[in-house]
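Let me begin by presenting the structure, written as structure tokens, before commenting on it.
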Amino acid sequence: MKPSRFMTLSRHIVEGEKKHPGATGELSALLADFALAVKIIALEVNKAGLVDILGFEGSNNVHGEKVKKLDMYAHDILIRAMDHGGHLAVMASEEEEDIIHIPKKHRIGKYVLLFDPLDGSSNIDANVSIGTIFSIYRRVSPDGLPGTEEDCLQEGYKQVAAGYVVYGSSTMLVYTAGNGVYGFTLDPSVGEFLLSHDDIKIPQRGKIYSLNEGNYKYWHNGLKKYIKYLQDADDRTGNPYTARYIGSMVADIHRNLLYGGIFIYPADKRNPKGKLRLMYECNPMAFIVEAAGGRASDGKQRTLEIKPESIHERSPIYIGSEGDVLEVEKFLREEEMAEAEEKKK
Ligand code: AHG
Ligand code: MN
Ligand code: MN
């Protein structure tokens, strides 16, 4: 279906919420605040390359303020945009050790917001796509009181909404409230996100694999065999696959969501829990990819069912087209069984 030319993000969210009897409009308002924050971040991202030329770096900006790293800037903007809307009970960010309370002077709401303010930060200086990831839950602690860590430590399947923004050749916001995944492209001239990708579905199988192959020597054997299998030409399966790895999870998964394929950040011999953060990266991306018909797991267990124990914990992730994720899980399982058999001997 061709998207309507003038379906703005705010209209889309309001119309989506209206379909739920009893909805208060709070989620719409929360997402609208978030959209404003990411427009401000997008402006700053677009100016990132000018920092040296304008002589800001490491010194003061035009307002006499210290220039912040872009990820801390994004973190601060998100908090400033989100803490006074009256919708949130508590927040947590990849960039802050502790949970973030709503200042006492503001109303305390019923939602919980977790975010990775800037994802792919090592790519900033090379003008390569980066992103922002967010995840929204309903609080579980009593209403009216400050939110707690328990509110932030919910399983991913309990998310109410999740999304990401890619700052790429254009700025795009992709979100789901559980039913359908929708992509909006920022029209910079009017400052509005307009629906450009209606009801995104990930292909059942893809031809792309995305992981950091530089870590090959630390991989477990199951993963080594799986990647080798994808690289071997085979008329039956249509292999070999194509390797694509940007190093920004948001951008890598966004591409695979549209074209099909698998993104992997595995556990390996150095990092038994992988690198990526369960609450800010794995869960929101898993919620989106599942809503688009895909699959996400830590190799054994569905990502969205992992019971989190701390807000900054890490998890391995295998995410993307369902057929591809099922296949890698099979390789990992078979290798584990073979190794267990070997040990018995
Ligand atoms: P962040 O910038 O939020 O710290 O995240 C970076 C992450 C993720 O975006 C990406 O997939 C991964 O780090 C890349 O890691 P490697 O450099 O180890 O491949
Ligand atoms: Mn990240
Ligand atoms: Mn980050």
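The values are calculated or read from the model by the stated rules, or taken from the named source; none is laboratory data. Please read these numbers as outputs of a predicted model, since none were measured by experiment. Counting neighbours? That spans all protein chains shown, and the Cβs are built from the backbone with ideal geometry, glycine included. The accessibility values were calculated without ligands, DNA or RNA, using every heavy atom of the protein model including side chains. Shrake-Rupley method; radii C 1.70, N 1.55, O 1.52, S 1.80 Å.
Cβ-Cβ distances below 8 Å connect no pair with a first residue in the stretch 133-159 that is in contact (Cβ under 8 Å) with a residue 60 or more places away in the chain and farther than 11 Å from Pro284 by Cα, a second residue that is open to solvent by 90 Å² or more (accessible area, probe 1.4 Å) and among the hydroxyl-bearing types (Ser, Thr, Tyr), and a separation of six or more residues or different chains. Could you tell me whether any residue of the stretch 218-227 is touching an Asp or Glu at 6+ places or on another chain (Cβ under 8 Å), within 16 Å of ligand 2 (Cβ to nearest atom), within 29 Å of Gln159 (Cβ to Cβ) and not assigned by TED's automatic domain parsing to the domain that holds Val166? Looking for residues that are touching an Asp or Glu at 6+ places or on another chain (Cβ under 8 Å), within 16 Å of ligand 2 (Cβ to nearest atom), within 29 Å of Gln159 (Cβ to Cβ) and not assigned by TED's automatic domain parsing to the domain that holds Val166, one finds none in the stretch 218-227, hence no. Scanning the stretch 102-124 for residues that are open to solvent by 10 Å² or more (accessible area, probe 1.4 Å) and among the hydrophobic types (A, V, I, L, M, F, W, C), which turns out modelled with the lowest pLDDT? Within the stretch 102-124, the match that is modelled with the lowest pLDDT is Ile124. Condition test on Leu326, is it more than 15 Å from ligand 2 (Cβ to nearest atom), open to solvent by 10 Å² or more (accessible area, probe 1.4 Å), assigned to a helix (DSSP H, G or I) and touching a residue at least 24 places away in the same chain (Cβ under 8 Å)? For Leu326, the condition - more than 15 Å from ligand 2 (Cβ to nearest atom), open to solvent by 10 Å² or more (accessible area, probe 1.4 Å), assigned to a helix (DSSP H, G or I) and touching a residue at least 24 places away in the same chain (Cβ under 8 Å) - is met. Taking the stretch 279-300 as the search range and keeping residues that are within 13 Å of ligand 1 (Cβ to nearest atom) and over 17 Å from Tyr259 (Cα atoms), which one is surrounded by the fewest Cβ atoms within 10 Å (Cβ to Cβ)? Looking at residues that are within 13 Å of ligand 1 (Cβ to nearest atom) and over 17 Å from Tyr259 (Cα atoms), I get Tyr280. Residues in the stretch 79-120 that are within 29 Å of Asn46 (Cα to Cα) and among the charged types (D, E, K, R) were compared, and the one that is farthest from ligand 3 (Cβ to nearest atom) is Asp83.
Scanning the stretch 125-139 for residues that are open to solvent by 10 Å² or more (accessible area, probe 1.4 Å) and either within 27 Å of Leu211 (Cα to Cα) or modelled with pLDDT under 95 (or both) yields Asp125, Ala126, Asn127, Val128, Ser129. Given the criteria modelled with pLDDT of 80 or more, in the same structural domain as Ile136 (by TED's automatic domain parsing) and more than 16 Å from ligand 3 (Cβ to nearest atom), does Ser28 qualify? Yes, satisfied. When you look at Val166, is it within 16 Å of ligand 2 (Cβ to nearest atom) and touching a His at 6+ places or on another chain (Cβ under 8 Å), yes or no? Yes, satisfied. In the set Ala126, Ala92, only one residue is within 16 Å of ligand 1 (Cβ to nearest atom), of a type outside the set (Asp, Glu) and without any contact (Cβ under 8 Å) to a residue 24 or more places away in the chain; that residue is Ala126.
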